[in-house]
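Notes follow once the structure below has been shown.
Readers should treat all values here as calculations from the given coordinates under stated rules, not as data from a laboratory. None of these values were measured; they are calculated from a predicted model. Every residue, glycine as well, gets a Cβ built from its backbone with ideal geometry; the counts of neighbours run over all protein chains shown.
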Amino acid sequence: MSRSRDPYAPQADPWTWPEERWRPIVEKVRAGRSLKPAAWPGGARCAVALSFDSDHETITLRSGDRSPGRLSQGEYGARAGVPRILGLLRRHDVPATFFVPAVTAMLYPDEQRAVIAAGHEIGIHSWIHERNSELPPEDERALQMRAADKLEEIAGERPVGIRTPSWDFSEHTLAITREMGLLYDSSLMADDDPYELLEDNAPTGVVELPVEWIRDDVPYWAPDRTGFLRPHASPGDVLEVFRREFDGAYAERGLFLLTMHPHFIGHRSRIQVLEELVRHIRSHPGVWFATHADVARYCKEQAGL
């Protein structure tokens, strides 16, 4: 005799769900209208938004790990990675956005002040790189708000955007972001170009600046810290992917958004990838380098939101 199932129970097999079960899940957070503008500022052909997730030690700390060895891998991002990145951005006169966990800011307050002083943006990136989807909604809300307060306290500017840790976007994240009055999110992947976020099929006015794993350094270079796997992508291979992604955005007059991490891209062999990529981009006329906030504001204004 077969066992009866409750199709609405969380443990129910998804193939047993009726439409009224799965459709609200899909429609909770959805891509709305495209916010790709008809033209970028100054008649630019393409917008370029470089971002750095300054996770540092928080990737280790979020799991309660006390390993000095693993903590030192994150410390590299602050000690060597960020100074190299800031030097490169200064040489090429490129603004960028740094997404910073509050604990990182507390560990390295001078770093955050240097980022702001150099004309870059700091965005919200969790309290301690916690996994949002594992948190009760009230805890996720409290941590996101505390993180914004701490970043403002340390850096002197209130963040206007968020990137969720590990792009872990819960069913409550957008509501919290709206409550905080944030301008944009940069955690989702429904398009190449900016779009407006919908919540339960209703426009929110929140700009999404979409990310993608192929435009992120982690899949190519992140080691498996619990096993023996090591990344095998060469710097040249990664440069080729990033360069082709930019070339596609340039051809389509869209947005090229790249996500990097100081403890990966900041290594000697890898910072060269970013240097060569920026030179390649600079060789093209009509490119607008901008912070995420500047891109979001421009798209929102052009759309009349």
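Projecting each Cα onto the charge dipole of the chain (Lys/Arg +1, Asp/Glu -1 at the beta carbon, about the Cα centre), which of Pro137, Phe52, Leu183 comes out farthest on the positive side?
Phe52
Write out the chymotrypsin sites (Phe, Trp or Tyr not before Pro) in region 154-212 meeting two conditions: DSSP loop, and at most 16 other Cβ atoms within 10 Å of their Cβ.
none
P(r) tail for region 1-159, what percent of Cα pairs lie past 26 Å?
49
Loop-only check: which trypsin sites (Lys or Arg not before Pro) in region 191-288 are DSSP coil with at most 16 other Cβ within 10 angstrom? Can you show the working numbers first?
Details: sites: Arg215, Arg225, Arg243, Arg244, Arg253, Arg268, Arg270, Arg279, Arg282; in loops: Arg225, Arg253.
Those that pass, being in a loop and sparsely packed, are Arg225.
Listing Leu305, Leu257, Leu197 from the residue with the fewest other Cβ atoms within 10 Å to the one with the most, what is the order?
Sorted ascending by nearby Cβ count, the order is Leu305, Leu197, Leu257.
Using the Cα gyration tensor of region 17-70, with a ≥ b ≥ c the square roots of its eigenvalues, what is the shape: rounded (a/c below 1.5), prolate (a/b larger than b/c) or oblate (neither)?
Judged from the Cα gyration tensor, region 17-70 comes out oblate (a/c at least 1.5, b/c at or above a/b).
Whats the longest run of the chain with zero GluC sites (Glu not before Pro) that are DSSP loop and have at most 16 other Cβ atoms within 10 Å?
1-156
When DSSP assigns beta bridges and you keep just the ones with both residues in the chain, what percent turn out antiparallel, to the nearest 5?
Counting DSSP beta bridges with both partners in the chain, the antiparallel share is about 25 percent.
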